[in-house]
Amino acid sequence: LAKKYSMPHIQCTQDDVVITSGCSDALNLSICALLNKGDNFLIPRPGFSFYETLASRYGFEVKFYDLLPEQEWQIDTQHLRSQIDKRTKAILINNPSNPCGSVLTEDGILRVLQIAENYSIPIVADEIYAGMIYDDNHGKDKF
(Lines give C-alpha, C1' and ligand atoms only; values in the text may rest on other atoms or scores of the structure.)
Protein backbone atom coordinates (compact mmCIF):
# COMPACT_ATOMS: atom_id res chain seq x y z
CA LEU A 1 0.00 0.00 0.00
CA ALA A 2 2.83 2.41 0.81
CA LYS A 3 4.31 1.86 -2.64
CA LYS A 4 0.93 2.22 -4.36
CA TYR A 5 0.24 5.60 -2.76
CA SER A 6 3.75 7.02 -3.02
CA MET A 7 4.41 9.77 -5.53
CA PRO A 8 7.66 11.23 -6.85
CA HIS A 9 7.47 14.05 -4.30
CA ILE A 10 5.93 12.00 -1.44
CA GLN A 11 7.41 8.66 -0.45
CA CYS A 12 5.24 6.58 1.86
CA THR A 13 6.58 3.80 4.05
CA GLN A 14 4.85 1.02 5.95
CA ASP A 15 4.88 3.33 8.98
CA ASP A 16 2.53 5.68 7.09
CA VAL A 17 -0.12 3.02 6.51
CA VAL A 18 -3.06 2.36 8.85
CA ILE A 19 -5.56 -0.35 7.96
CA THR A 20 -9.16 0.23 9.08
CA SER A 21 -12.42 -1.64 8.65
CA GLY A 22 -13.78 0.71 6.00
CA CYS A 23 -13.83 4.38 5.15
CA SER A 24 -16.14 5.39 8.00
CA ASP A 25 -13.77 3.83 10.50
CA ALA A 26 -10.81 5.60 8.86
CA LEU A 27 -12.64 8.92 9.11
CA ASN A 28 -13.54 8.20 12.73
CA LEU A 29 -9.92 7.41 13.58
CA SER A 30 -8.55 10.45 11.72
CA ILE A 31 -10.96 12.99 13.17
CA CYS A 32 -10.61 11.63 16.71
CA ALA A 33 -6.82 11.85 16.44
CA LEU A 34 -7.02 15.55 15.50
CA LEU A 35 -9.85 16.98 17.63
CA ASN A 36 -10.79 17.38 21.25
CA LYS A 37 -14.29 18.01 22.57
CA GLY A 38 -15.36 21.52 21.53
CA ASP A 39 -13.02 21.66 18.53
CA ASN A 40 -14.45 21.91 15.03
CA PHE A 41 -13.71 20.66 11.56
CA LEU A 42 -14.89 22.04 8.25
CA ILE A 43 -17.12 19.93 6.01
CA PRO A 44 -18.73 20.52 2.61
CA ARG A 45 -22.32 21.64 2.14
CA PRO A 46 -23.97 19.68 0.60
CA GLY A 47 -22.09 16.73 2.00
CA PHE A 48 -22.20 13.24 3.39
CA SER A 49 -24.32 13.11 6.57
CA PHE A 50 -21.90 10.76 8.36
CA TYR A 51 -19.57 13.70 9.07
CA GLU A 52 -22.19 15.34 11.30
CA THR A 53 -22.98 12.02 12.98
CA LEU A 54 -19.30 11.54 13.76
CA ALA A 55 -19.02 15.02 15.24
CA SER A 56 -22.08 14.67 17.47
CA ARG A 57 -20.85 11.36 18.84
CA TYR A 58 -17.72 12.93 20.33
CA GLY A 59 -18.78 16.50 21.12
CA PHE A 60 -17.01 17.95 18.08
CA GLU A 61 -18.55 20.77 16.10
CA VAL A 62 -18.85 20.98 12.35
CA LYS A 63 -18.70 24.16 10.35
CA PHE A 64 -19.89 24.07 6.78
CA TYR A 65 -18.17 25.45 3.72
CA ASP A 66 -20.22 25.84 0.57
CA LEU A 67 -19.90 24.01 -2.71
CA LEU A 68 -20.88 26.13 -5.71
CA PRO A 69 -23.52 24.52 -7.96
CA GLU A 70 -22.96 27.11 -10.68
CA GLN A 71 -19.29 26.02 -10.79
CA GLU A 72 -19.95 22.29 -10.95
CA TRP A 73 -19.91 22.00 -7.14
CA GLN A 74 -16.37 23.29 -6.66
CA ILE A 75 -15.37 24.52 -3.20
CA ASP A 76 -16.11 28.15 -2.37
CA THR A 77 -12.64 28.80 -0.95
CA GLN A 78 -13.53 32.30 0.28
CA HIS A 79 -16.37 30.83 2.31
CA LEU A 80 -14.15 27.99 3.53
CA ARG A 81 -11.55 30.49 4.75
CA SER A 82 -14.24 32.52 6.55
CA GLN A 83 -15.23 29.46 8.61
CA ILE A 84 -11.79 28.97 10.18
CA ASP A 85 -11.39 29.95 13.80
CA LYS A 86 -9.03 29.09 16.67
CA ARG A 87 -10.89 25.79 17.32
CA THR A 88 -10.69 24.57 13.70
CA LYS A 89 -8.53 21.45 13.70
CA ALA A 90 -9.19 19.92 10.26
CA ILE A 91 -10.61 20.55 6.81
CA LEU A 92 -12.44 17.57 5.37
CA ILE A 93 -12.51 17.24 1.60
CA ASN A 94 -14.71 14.66 -0.11
CA ASN A 95 -13.47 14.06 -3.66
CA PRO A 96 -15.31 12.93 -5.70
CA SER A 97 -18.18 14.50 -3.82
CA ASN A 98 -20.93 12.56 -2.12
CA PRO A 99 -23.73 13.44 -2.89
CA CYS A 100 -22.89 15.77 -5.80
CA GLY A 101 -20.62 13.47 -7.79
CA SER A 102 -18.37 16.39 -8.72
CA VAL A 103 -14.60 16.09 -8.99
CA LEU A 104 -12.46 18.96 -7.73
CA THR A 105 -10.18 20.66 -10.19
CA GLU A 106 -6.46 20.72 -9.59
CA ASP A 107 -6.64 24.51 -9.13
CA GLY A 108 -9.41 24.12 -6.56
CA ILE A 109 -7.44 21.54 -4.61
CA LEU A 110 -4.33 23.73 -4.68
CA ARG A 111 -6.30 26.71 -3.32
CA VAL A 112 -7.58 24.60 -0.42
CA LEU A 113 -4.06 23.29 0.22
CA GLN A 114 -2.78 26.86 0.36
CA ILE A 115 -5.43 27.84 2.91
CA ALA A 116 -4.64 24.76 4.99
CA GLU A 117 -0.93 25.56 4.87
CA ASN A 118 -1.49 29.23 5.77
CA TYR A 119 -3.48 28.24 8.88
CA SER A 120 -1.51 25.04 9.67
CA ILE A 121 -4.68 22.95 9.51
CA PRO A 122 -4.49 19.32 8.35
CA ILE A 123 -6.70 18.02 5.58
CA VAL A 124 -8.69 14.83 5.97
CA ALA A 125 -9.34 13.50 2.47
CA ASP A 126 -12.36 11.26 2.00
CA GLU A 127 -11.59 9.79 -1.42
CA ILE A 128 -13.67 6.62 -1.18
CA TYR A 129 -15.02 7.17 -4.71
CA ALA A 130 -11.69 8.08 -6.34
CA GLY A 131 -11.72 4.86 -8.36
CA MET A 132 -15.09 5.75 -9.89
CA ILE A 133 -14.08 8.59 -12.20
CA TYR A 134 -15.10 7.79 -15.73
CA ASP A 135 -13.28 10.00 -18.21
CA ASP A 136 -10.63 9.36 -20.85
CA ASN A 137 -7.82 10.18 -18.43
CA HIS A 138 -9.26 8.26 -15.44
CA GLY A 139 -9.40 11.47 -13.43
CA LYS A 140 -5.64 12.04 -13.57
CA ASP A 141 -6.20 15.60 -14.78
CA LYS A 142 -8.57 16.22 -11.87
CA PHE A 143 -6.51 15.05 -8.89
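The values are calculated or read from the model by the stated rules, or taken from the named source; none is laboratory data. This structure is a prediction, so every number in the text was calculated from the model and none was measured. Note that we place each Cβ from the backbone using ideal geometry, even for glycine, and neighbour counts take in every protein chain shown. To get the accessible areas, we keep the full protein, side chains included, count just its heavy atoms, and leave off ligands, DNA and RNA. Shrake-Rupley method; radii C 1.70, N 1.55, O 1.52, S 1.80 Å.
Using θ = phi - 60° and the Karplus form 6.51 cos²θ - 1.76 cosθ + 1.60, what ³J(HN,Hα) does each residue of the stretch 53-64 get, whole Hz, x for Gly and Pro?
So the J values, rounded to whole Hz, are 4, 4, 4, 5, 5, 10, x, 8, 10, 10, 10, 8.
Just to check I understand the Karplus step: with θ = phi - 60° and J = 6.51 cos²θ - 1.76 cosθ + 1.60, what whole-Hz values come out for the stretch 104-121, glycine and proline as x?
5, 6, 4, 4, x, 5, 5, 5, 5, 4, 5, 4, 4, 5, 4, 9, 6, 10
Determine the relative contact order of the chain: mean sequence separation of Cα pairs under 8 Å and six or more apart, normalised by residue count, in whole percent.
On the way: 193 pairs, mean separation 30.1, N = 143.
Contact order relative to length: 21 percent.
Sequence-distant or interchain residues sharing an amide H contact under 5 Å with residue 90, placed H: which?
Amide H to amide H, under 5 Å and 5 or more residues apart or across chains, residue 90 pairs with 42.
Could you put 34, 80 in order of accessible surface area, largest first, with the 1.4 Å probe and the full protein assembly present?
34, 80
Under 12 Å Cα-Cα from residue 37, which aspartates and glutamates qualify once same-chain neighbours fewer than 8 residues away are excluded?
Counting by Cα, and skipping residues close in sequence, residue 37 has these aspartates and glutamates nearby: 61.
Please say if the stretch 11-87 is rounded, prolate or oblate, where rounded means a/c under 1.5 for a ≥ b ≥ c the square roots of the C-alpha gyration tensor eigenvalues, and otherwise the choice is prolate for a/b larger than b/c and oblate otherwise?
Prolate, since a/c reaches 1.5 and a/b exceeds b/c.
Please return the longest range in the chain lying between exposed loop sites, taking trypsin sites (Lys or Arg not before Pro), DSSP loop only, at most 16 other beta-carbon atoms within 10 Å, and leaving the sites out.
88-139
Over the heavy atoms of residue 52, what accessible area does a 1.4 Å probe trace out, to the nearest 10 Å²?
Its heavy atoms expose roughly 90 Å² to the probe.
Where both partners of a DSSP beta bridge lie in the stretch 1-89, what percent of those bridges are antiparallel, to the nearest 5?
In the stretch 1-89, DSSP labels about 30 percent of beta bridges as antiparallel.
How big is the equivalent ellipsoid of the chain along its three axes, where each semi-axis is √(5λ) from the Cα gyration tensor, reported in whole Å from largest to smallest? Present the calculation step by step, with values, prior to reporting the outcome.
Working: eigenvalues 100, 81, 47 Å².
Three semi-axes, in Å: 22, 20, 15.
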